[in-house]
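Scroll down for the structure; my scribbles are underneath it.
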Amino acid sequence: MATSQGHFMALELRTLRGFVTVCTAGSISRAAERLHIAQPALSLQMKSLEEELGAALLERTPRGVVATAAGEMLLAHATDILRRVEVAYEDIRTAIKQPQGRVAVGLPQSLAKLLTVPLVKEVCAEWSGIDLQIIEQSTGYIPQGLLTGHLDIGMTFGGTPEPGLRADRVLEERLLLVGPPGELSAHGRNGINEAVSVPFSRLGDYPLILPAGLHGLRSLIDRFGASQDTELQVIAEVNAIPELIALAAAGAGFTILSHASVQEEWRGGSVSCARVAEEGFTRQVYLCRAATLPASLAVTTVWQRLLAITGRLVEGGLWPVHRFNARGDSAGS
């Protein structure tokens, strides 16, 4: 029916189901038998549907009833809508049971180090029906994996989320300059609050070993450097975080990492660190999934557990952050 705000159609699910059944049966009479309704009633539904949409949807031929070009378009949409409704009903009906099915989680290396052990232990202990897969990937590959369905959940860093993703901003990580012992600050009782600070404009004075260009952290550093008109002295590129820490510890150069990535080595004295004193020089962490694909009960369960584990790590000081958003903050769809 038309409304004052535009041509909004109040399409009922039973009408869409009737239309799909007519198309698959190739006959209104056979479709009426399958749906256990009278043929005149189904014929009236199809006529009303065509009037509502202002287009002929069905055509009678010697081979039976077939969809017109407009009908084929509606058939594709109606099939998708009914499938999504079916998934919703299945999820609600199974809510009292154990969630089941595959859940593939894509994590960047630095986050996998924090989240893999507690997530796998808790999911395996509580939901034996979930086939949990942890896939460690560079953050640049995770959005595409979500959009193609190869991943169900992913955590990514910074920037504008990809179109088609639900991206909830969970936290912001502080980034540190990391060097050999004795060059910057040792880890005191109050950790980062006692560390020396280095202005971003001074980072050009340090020989840096950073991840390569397409790495999420490197992209963030380069963007910030360009905005600050600061040219960095990059002497080598290494993508693996353990190796970056080892190189800094060995005195081969300095690097820039999140506080969480290097906290154990800093506390243990194998490296020294400094705060980068520049407003906004933080890394945002997003929890993501495809916005256009229905999430199963198993996916929703793992999503909620990931948020809960992240919250516990932050509250317990095991994941030092600049800012934490316990409920998530949608940043794209």
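In a Gaussian network model over the chain where Cα atoms closer than 10 Å are linked, find which of Ile209, Ile245, Ile28 has the largest mean-square fluctuation.
Ile28
Expected output is a single nm value to one decimal: the length gained when fully extending between Ala69 and Lys113, i.e. 0.36 nm times separation in residues minus the C-alpha distance. What is it?
10.6 nm
Hydropathy first: keep DSSP H helices in the chain averaging at least -1.0 on Kyte-Doolittle, then drop any whose Cα extent along the axis falls short of 24 Å, and list what survives.
Length and hydropathy pass: 69-93, 109-126, 297-315.
Tell me, Phe254, Phe200 in order of fewest to most beta-carbon neighbours within 10 Å?
Starting with the residue having the fewest Cβ neighbours, the order is Phe200, Phe254.
Is there a quick way to get the dipole size of the chain? I mean about its Cα centre, with the Cβ of Lys and Arg at +1 and of Asp and Glu at -1; what is the value in debye to the nearest 20?
Its charge dipole is roughly 920 debye.
Given the options Ser296, Ser272, Ser128, state which has the largest fluctuation in a GNM of the chain using a 10 Å cut-off (strictly under) for Cα springs.
Checking each option, the largest mean-square fluctuation is seen for Ser128.
Report the longest stretch of the chain that contains none of the trypsin sites (Lys or Arg not before Pro) sitting in a DSSP loop with at most 12 other Cβ atoms within 10 Å.
Answer - 190-326.
Longest segment of the chain with no GluC sites (Glu not before Pro) in a DSSP loop having at most 15 other Cβ atoms within 10 Å?
Maximal segment without exposed cleavage sites: 13-230.
Pick out which of Ala274, Ala32, Ala252 has the largest mean-square fluctuation in a Gaussian network model of the chain, springs linking Cα atoms closer than 10 Å.
Ala32
Run the helix sum for the chain: -39,500 (n - 2.57) per DSSP H stretch of 4+ residues, divided by residue count, reported at 222 nm to the nearest 500 deg cm²/dmol.
After summing the helix terms and dividing by residue count, I get -13000 deg cm²/dmol.
Among Ser197, Ser138, which comes first, second and so on when ranked by fewest other beta-carbon atoms within 10 Å?
Neighbour counts put them in this order, fewest first: Ser197, Ser138.
What share of Cα pairs, in percent, lie more than 30 angstrom apart in the chain?
Tail of the P(r) past 30 Å holds 51 percent of the pairs.
FYI, it's all coordinate maths here, none of it is from the lab. Here the structure is a predicted model, which is why all the values come from computation and not from measurement. Counting neighbours? That spans all protein chains shown, and the Cβs are built from the backbone with ideal geometry, glycine included.
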